[in-house]
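Notes follow once the structure below has been shown.
The values are calculated or read from the model by the stated rules, or taken from the named source; none is laboratory data. Since we're looking at a predicted model, the values are computed, not measured. Note: ideal-geometry Cβ built from the backbone for every residue, glycine included; neighbour counts use all protein chains shown.
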Amino acid sequence: MRVKVKVPATSANLGPGFDVAGVAVTLYNTFTFELIDQGVEIVGCPEQFSGEDNLTYQAFCAGAEETGLHFGGVRIECRSEVPYTRGLGSSSTCIVAGIVGAFAFMGRYDDRQDILNLATRIEGHPDNVAPAIFGGLTVSVMADVITTLNIPVKNDYRFVAFIPPFTLSTQLSRSVLPDTVSRKDAIGNISHLSLLVASLINGHDEGLRIGFHDHLHQPYRGSLIAGYDAIMERLEADTSVLGCYLSGAGPTIMAVIRADDLMGVVRLKEELHDCLDGWEVVKLEMDTRGYVCDYE
Ligand code: HSE
């Protein structure tokens, strides 16, 4: 028996929701797990990630420990669409898949709350793993357990990902953030995230145009990303863009447009053509299911 787990990419933070908000999008990594007599065999990923420190394998071991799964060895096949270290939650797909794989061998593939608690413990924050698990657009609070709720998004939007040809590690991107923030910046983010959530629920696109602004992480991270200021400036100048933000820890920049803005991507590519040398522009939808697990 093999267990197949398909996990969506995620775009975390959504501007002011640092470590809190995230959305699952229609780009997927797929992992297949098979128990073998001994050892670990990992295929389909670059050689340097195919050892015992592989994140999916580590998460599988954590899931096995949590569920009491005893296994000799495991073979993991990976098929990935989600670009690595680009702020689209590729690490979270590995963590979620590994845990779900182990849970599935114990018949617990749908224990999403337990999977969320463990995935957050491994990742350190819930904003990528929560939408990867539940789908949709989520907000989460970290306490003894993780409380995650889906935001019922009223209108239909598209997420346009501007993916650069270079990577940025989350570790480096977090290292430039200050440990303390001013009351003004704290209030700034509380107010903008509240407006963002209320606007998504009410379909109030004018509120979105204000709500995506952030004071806690983007001002510090922009300088790590060549082209960031120019791209953000052009996106903010386009009156059909409802919001733009740094996806996760970056370096991908995300723009939100209405689903009926059919020429949106073509227009944005033209408006930004001189800032996008080597950047990929990908139009994504919101994934509403989260991970999908199947036995073969
Ligand atoms: N909230 C996280 C960050 C997402 O911005 O660092 C990336 O792991």
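Please find, among Ser223, Ser240, the residue that is surrounded by fewer than 22 Cβ atoms within 10 Å (Cβ to Cβ), among the hydroxyl-bearing types (Ser, Thr, Tyr) and under 23 Å from Asp156 (Cα atoms).
Only one candidate passes the filter, namely Ser240.
Considering each residue of the stretch 134-157, count those that are charged (D, E, K, R) and touching a Gly at 6+ places or on another chain (Cβ under 7 Å), and give that number. Before you say what the answer is, go through the steps one by one.
To start, the set of residues in the stretch 134-157 that are charged (D, E, K, R) comprises 144, 154, 156.
Among the residues that remain, those that are also touching a Gly at 6+ places or on another chain (Cβ under 7 Å) are: 154.
Result for the stretch 134-157: 1.
Considering each residue of the stretch 162-201, count those that are crowded, with 17+ Cβ neighbours inside 10 Å, assigned to a helix (DSSP H, G or I) and within 16 Å of the ligand (Cβ to nearest atom), and give that number.
Qualifying residue count, the stretch 162-201: 6.
Is it the case that the stretch 37-47 has a residue that's modelled with pLDDT under 95 and either within 30 Å of Arg209 (Cβ to Cβ) or buried (at least 20 other Cβ atoms within 10 Å of the Cβ) (or both)?
The answer is yes; a qualifying residue exists.
Checking the condition within 30 Å of Val160 (Cβ to Cβ), within 14 Å of the ligand (Cβ to nearest atom), part of a strand (DSSP E or B) and of a type outside the set (Lys, Arg), which residue from Thr10, Thr85 passes?
None of the other options fit; the residue is Thr10.
Could you tell me whether Arg258 is over 15 Å from Gly87 (Cβ atoms), surrounded by 13 or more Cβ atoms within 10 Å (Cβ to Cβ) and in contact (Cβ under 8 Å) with a residue 40 or more places away in the chain?
yes
Mind telling me which of the residues Ala143, Ala130 ends up being free of Cβ contacts under 8 Å to residues at least 24 places away in the same chain and more than 25 Å from Ser50 (Cα to Cα)?
Exactly one residue qualifies, and that residue is Ala143.
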